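The values are calculated or read from the model by the stated rules, or taken from the named source; none is laboratory data. The shown structure was predicted, so the numbers you read here are calculated from the model rather than taken from an experiment. Please note: Cβ atoms are built from the backbone with ideal geometry, for glycine as well, and neighbour counts cover all protein chains shown. Each accessible area value is taken on the protein alone, full model and side chains, heavy atoms only, with ligands, DNA and RNA left out. Shrake-Rupley method; radii C 1.70, N 1.55, O 1.52, S 1.80 Å.
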Amino acid sequence: MKRNSLSSFYVSLWLLFAAAILQAVESAKGKYAHMLFNELFEDYSNALRPVEDTDKVLNVTLQITLSQIKDMDERNQILSAYLWIRQSWYDAYLKWDKDKYDGLDSIRIPSDLVWRPDIVLYNKADDDFSEPVNTNVVLRYDGKITWDAPAITKSSCVVDVSYFPFDSQQCNLTFGSWTYNGNQVDIINSLDSGDLSDFIEDVEWEIHGMPAVKNVITYGCCSEPYPDVTFTLILKRKSSFYIFNLLLPCILISFLAPLGFYLPADSGEKVSLGVTVLLALTVFQLMVAEIMPPSENVPLIGKYYIATMTMITASTALTIIIMNLHHCGSEAKPVPQWARVVILDYMSKIFFVYDVGENCTSPKREKEEERKLEGDDGCQRRHKEVRSHLSNRKDDCDLKEKLNGNLNKSYGVNGENVRETVNCCSCYKMLIKNIEYIANCVRDHKANRAKGIEWKKVAKVMDRFFMWIFFIMVFFMSVLIIGKAP
């Protein structure tokens with residue numbers, strides 16, 4: 001027990017001694033850091049370019065790290081991104097011998113104390129012209145200064161929405177010195193592309209690369225070259241959100257438009273269905289127009305909306321015309337011969353359109369039709385028999401009148417019998433006239449009714465024809481918009 005207590009006592013003494021030594025070292029380094037700082041910045045000025053020879057070019061190494069895409073405003077064509085900007089250069093007046101300062105090789109000081117290159121984002125689209133974040137810089141003994149500063153940038157980006165929502169965008173971030181030309185400050189990109197190792201995944205965009213290219217441009221105002229580094233951010237839109245919220249509802253709604261031709265004409269809902277579908281697509285069209293820039297390039301989904309709305313407008317107009325054909329009554333002209341041959345004979349069989357109560361594969365219906373035809377023939381036969389019987393009775397009446405007249409002249413038969421005979425014959429004549437009038441009315445009614453039925457069948461055949469035509473058009477338009485996705 002005593003040995004264990006002694007060993008723990010020695011260990012604690014050793015730890016206290018080591019902590020005291022480290023504290024002394026740190027205090028010594030802090031002392032040398034203050035001394036170094038006072039000596040370095042005693043006669044230092046951050047207003048001038050830190051080179052010993054004014055004709056010498058100062059090289060600034062630039063590195064961009066993309067951390068997050070905050071927003072992509074397609075309507076205003078502005079990209080908001082969160083970047084880490086690293087700049088490094090050598091200051092000829094901030095060097096020291098680290099052996100004189102107890103091996104102190106670097107210090108961290110506020111960035112506004114040293115000279116900084118005025119590298120800015122050329123295509124900046126922000127109203128705020130504030131200074132960069134005033135973070136510390138790391139100053140090494142050989143004069144190398146490294147300045148890491150976070151920045152939220154808003155840059156202009158030419159947005160091409162021709163294939164929205166299956167589009168890809170390329171946004172440039174161009175960095176360069178605002179006042180120093182290439183003979184004074186030269187910009188060197190440390191990597192061939194931007195750093196994406198710390199990128200936070202975005203819910204709307206996929207990053208497919210960020211290549212960097214150095215450009216040397218001579219502007220019209222100045223004869224000196226101005227170098228810059230352009231980082232091209234390649235973005236691919238994640239289209240799942242727009243497919244399920246904009247495209248798929250439009251496709252489903254557009255498939256309702258041809259079903260308006262399948263509705264019965266007497267339901268009174270054919271035109272209202274087309275108008276309702278047209279209004280629904282108009283709402284989706286306005287939603288797309290609110291997020292798209294007002295440019296000449298109409299997005300792919302916008303073209304689909306316009307084509308679908310045009311198709312629905314045409315289907316509503318055709319529905320109105322077909323309803324007029326359906327409601328043609330007895331006063332209308334008969335169906336033309338070519339329409340009977342083309343529409344009633346051929347197209348009705350192709351589109352399986354039958355008369356009311358008629359079925360394509362029902363033998364019972366056929367038997368009922370045969371019975372109906374037989375019944376009509378029986379009625380006609382009975383009508384002929386009645387007419388022949390009445391005509392025979394009429395002949396008998398005429399014969400009786402003649403005989404009675406002869407008998408009256410020759411034998412003087414009673415006048416009452418003659419009067420009864422004449423009244424009976426006149427009743428038969430009146431009955432025949434009434435039956436013939438009723439038969440003519442029934443015949444005309446059947447002819448007019450058959451004329452209306454023919455027009456209704458023509459309208460029904462045209463409904464089926466346009467229904468399949470518009471179904472095919474909607475299907476091919478839907479396939480076309482998906483097939484055009486790059």
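On full extension of the chain, what length is gained from Ser106 through Ile469, given 0.36 nm per residue of separation minus the C-alpha to C-alpha distance?
Values: separation 363, 0.36 × 363 = 130.68 nm, distance 7.86 nm.
Using 0.36 nm per residue and subtracting the Cα-Cα distance, I get 122.8 nm.
Say the cut-off is 22 Å between C-alpha atoms; which of Lys124/Lys484; Lys333/Lys456; Lys70/Lys484; Lys70/Lys236 go over it?
Check vs 22 Å cut-off fails for Lys124/Lys484; Lys70/Lys484.
Which whole-Hz ³J(HN,Hα) couplings does region 335-346 yield from phi under the Karplus relation 6.51 cos²θ - 1.76 cosθ + 1.60, θ = phi - 60°, glycine and proline marked x?
Once rounded to whole Hz, the list reads 5, x, 5, 5, 5, 5, 6, 6, 8, 6, 8, 9.
Could you work out what % of the accessible surface of region 30-237 is carbon and sulfur, using a 1.4 angstrom probe and leaving DNA, RNA and ligands out of the count? Kindly include the intermediate steps, with their values, before the conclusion.
Details: 5190 of 10880 Å².
The C+S portion of the solvent-accessible surface of region 30-237 is 48 percent.
Share of Cα-Cα pairs in region 30-237 beyond 27 Å, in percent? Walk me through the numbers before you get to the answer.
Values: 8490 of 21528 pairs.
Everything past 27 Å amounts to 39 percent.
How do His208, His326 stack up against each other in accessible area, from largest to smallest, with a 1.4 angstrom probe? Each step should come with its number before you reach the end.
Numbers: His208 115, His326 25 Å².
Most to least solvent-accessible, the answer reads His208, His326.
Arrange the residues Leu252, Leu66 by how much accessible surface each exposes, largest first, with a 1.4 angstrom probe. Provide the component values of the computation, followed by the final result.
On the way: Leu252 110, Leu66 0 Å².
The ranking, largest first, comes out as Leu252, Leu66.
Can you give the FRET efficiency for Asp71 and Asn324, using 1/(1 + (r/R0)^6), R0 = 45 Å, r = Cβ-Cβ distance, to the nearest 0.05?
Numbers: r = 54 Å, r/R0 = 1.20.
Efficiency at R0 = 45 Å is approximately 0.25.
Can you put Asp127, Asp198 in order of accessible area, largest first, using a 1.4 Å probe? Write down the numbers at each step before the final one.
On the way: Asp127 140, Asp198 75 Å².
Heavy-atom accessible area, descending, gives Asp127, Asp198.
Scan around Ala125 for amide H atoms under 5 Å from its own, H built in the peptide plane at 1.01 Å from N, and keep only partners 5 or more places away or cross-chain.
Lys154, Ser155, Ser156
Taking R0 as 45 Å, what FRET efficiency do you get between Lys31 and Cys222 from their Cβ-Cβ distance, rounded to the nearest 0.05? Spell out each step's value before the answer.
Working: r = 49 Å, r/R0 = 1.09.
Once the sixth-power term is evaluated, E becomes 0.40.
For Asp186, what residues show an amide H to amide H distance below 5 Å, using hydrogens built from the backbone and excluding near sequence neighbours?
Distant-sequence amide H within range of Asp186: Leu58, Asn59, Val60.
For region 30-237, what is the accessible area per residue in Å², given a 1.4 Å probe and the full set of protein chains? The partial results should precede the final answer.
Values: 10880 Å² over 208 residues.
Solvent-accessible surface per residue comes out at 52 Å².
Residues of region 152-185 with the amide nitrogen closer than 18 Å to a label point 7 Å from the Cα of Glu290, along Cα-to-Cβ, please.
Of the residues in region 152-185, 165 have backbone N under 18 Å from the label point off Glu290.
What FRET efficiency do you get for Tyr262 and Ala314 if R0 is 22 Å and r is their Cβ-Cβ distance, rounded to the nearest 0.05? Before the final figure, lay out the partial values.
Details: r = 17 Å, r/R0 = 0.76.
After rounding, the FRET efficiency stands at 0.85.
Using the Karplus curve 6.51 cos²θ - 1.76 cosθ + 1.60 with θ = phi - 60°, what ³J(HN,Hα) values do you get for each residue of region 211-216, in whole Hz, with x for Gly and Pro?
x, 10, 9, 8, 10, 10
What is the gain in length, in nm to one decimal, between Ile453 and Ser190 on full extension, counting 0.36 nm per residue of separation less the C-alpha to C-alpha distance?
So the chain would gain 86.2 nm between Ile453 and Ser190.
Could you go through region 243-254 in sequence order and give the Karplus-derived ³J(HN,Hα) for each residue, using 6.51 cos²θ - 1.76 cosθ + 1.60 with θ = phi - 60°, rounded to whole Hz, and x for Gly and Pro?
5, 7, 10, 10, 7, 4, x, 5, 5, 5, 5, 5
Taking H as built 1.01 Å from N, whose amide H comes closer than 5 Å to the amide H of Lys238, not counting residues under 5 places away?
Counting only residues 5 or more places away or on other chains, the set is Trp205, Glu206.
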